[in-house]
Amino acid sequence: MTHHDIDHPKGKGHPGAAQGGATLTANLRLVAWELTRSCNLACVHCRAAARDCPYEGELSLAECKKVMDEIAEVGKPIIILTGGEPLLRPDVFEIAEYGAKLGFRMTMATNGTLLTRETVQKMIASGIERISVSIDGADARSHDAFRKVPGAFEGALRGIGLAREANLDFQINTTITRANIKEFPKIHDLAVSLGAVAHHIFMLVPMGRGKEITEEAISAEEYEETLHWFYERRGKAPLQLKATCAPHYYRILRQRAKSEGVEINFETFGLDAVTRGCLGGIGFAFISHLGQVQPCGYLEAECGSVREKSFREIWLDSPVFQNLRDLKRYEGKCGKCEFIRVCGGCRARAYEHSGSYMAEEPLCLYKPPGSRRPRVAGLQNRRRQKTGEKEP
Ligand code: SF4
Ligand code: SF4
């Protein structure tokens, strides 16, 4: 399972929202924590390229508790226990309970296949308030092809059924690629019919095993189209539909609202009016199975290890986090863009594409005034070379 967040930070005073000046105020609202890299599946897009075996050097229970004490010095974020498959860690419920006692909203990202009635009860008892389960295909054929494990779809649905039976909130996460973009509306209908509280989409960031399927990444045009579809579905879905880690959705939202003469405020757009596209290093941090802190699971820019420094020190002082908060440091067209404050571009994609996490987002079609013609994304170039498709 990928690190994908259960929910982005929200509410008033949101990081990046409606602030003046060239610096975004850090406000930790969400931590994704890769408790283990072990996983019982081998998904095509896995960021961690996780394997079904124990990994050396993972944080001990005592270290996990210490890290949570340090996080509490910074704020009371939502914590997503993720992996790998977090349920493969025997002390996962002790970790959840400790975090819940500190006042964090504890959630878990699981592939769902290992859930049993007993596990669901343990989750609830330990204070886990919501789980997320990834569904990347509308049926067993496409989901299992993605997950590379026959039976993964049935397993996930069975797990979801158990959560529903126990009244444990669950959300569905979907990673969009060329293979499933057409069936996305069907996956969405499935999420609705299953009774999910939210459906979050993610765009493939090619790293880990995702690199092997670079040609599966959707093009900038398809990305733009999907985000417009999102805009149109907004408010119509009976559950929370969120384009997570799709930063330029917040540019599209503003462009569409402006052309339709709609004012953007909490009444008209709810939390979308106050959130920012990329929250890595601003409202969000990732902790790896070895204790490395990063802006997000997809951006392996090392900010420090919780084994050497306190989480608080890393969060406040790491140069990587400070760069991400400084709007003057953004490069290329993102650096010239009037939407930088609400969007930010995906820093992980910028890094995978150019080697610099402050470079421009390669999958954005927007051309800010004063910038050069948008560069055609490397991903698209590589796909074109493979498929022989012509440049538009
Ligand atoms: S140019 Fe960069 S900041 Fe502007 S909308 Fe595109 S990705 Fe966002
Ligand atoms: S860099 Fe930002 S937008 Fe990209 S995956 Fe990480 S948190 Fe999400």
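7 Å from Cα along Cα→Cβ at both Asn265 and Ala237: what's the point-to-point distance in nm?
2.7
Find how many whole Å separate the alpha carbon centroid of segment 143-190 from the alpha carbon centroid of segment 241-317.
Cα centroid of segment 241-317 versus Cα centroid of segment 143-190: 24 Å apart.
Taking a label point 7 Å from the Cα of Lys328 along the Cα→Cβ vector, which residues of segment 250-291 have an amide N closer than 20 Å to it?
282
Given Lys236/Lys333; Lys76/Lys186; Lys258/Lys336; Lys236/Lys258; Lys76/Lys309, which pairs have Cα atoms separated by over 26 Å? Could the numbers behind the result be given before it?
Numbers: Lys236/Lys333 33 Å; Lys76/Lys186 36 Å; Lys258/Lys336 20 Å; Lys236/Lys258 20 Å; Lys76/Lys309 20 Å.
Pairs exceeding the cut-off: Lys236/Lys333; Lys76/Lys186.
Considering only the other residues whose Cβ falls under 14 Å of the Cβ of Asp189, what net charge follows from Lys and Arg at +1 and Asp and Glu at -1? Mind showing how you got there, number by number?
Working: positive: Lys182, Lys186, Arg233, Lys236; negative: Asp139, Glu183.
With Lys, Arg at +1 and Asp, Glu at -1, the net is +2.
Using 1/(1 + (r/R0)^6) with R0 = 41 angstrom and r between the beta carbons of Val197 and Glu313, what's the FRET efficiency to the nearest 0.05? Please report the intermediate quantities before stating the final value.
Numbers: r = 35 Å, r/R0 = 0.86.
It comes out at approximately 0.70.
Sort Glu34, Glu331 so that the residue with the fewest other Cβ atoms within 10 Å of its own Cβ comes first and the one with the most comes last. Intermediate results must be reported in sequence, preceding the final value.
Numbers: Glu34 29, Glu331 15.
By the 10 Å Cβ count, ascending: Glu331, Glu34.
At Arg178 and Arg158, where each label point lies 7 Å from the Cα along Cα→Cβ, what is the point-to-point distance in nanometres?
A separation of 3.5 nm, rounded to one decimal place.
Give the order of Trp315, Trp33, Trp229 when sorted by the count of other beta carbons within 10 angstrom, beginning with the fewest.
On the way: Trp315 23, Trp33 27, Trp229 15.
Listing Trp315, Trp33, Trp229 from fewest to most nearby Cβ atoms yields Trp229, Trp315, Trp33.
Going by how many other beta carbons lie within 10 Å of each one, how would you line up Asp136, Asp69, fewest first? Don't jump to the answer; show the numbers that get you there.
Working: Asp136 28, Asp69 14.
By the 10 Å Cβ count, ascending, the order reads Asp69, Asp136.
Read the figures in this text as sums done on the coordinates, not as results from a lab. Quick caveat: nothing in here was measured; it's all calculated off a predicted structure. When we count neighbours, we look across all protein chains shown, and the Cβ atoms used for this are built from the backbone with ideal geometry, even at glycine.
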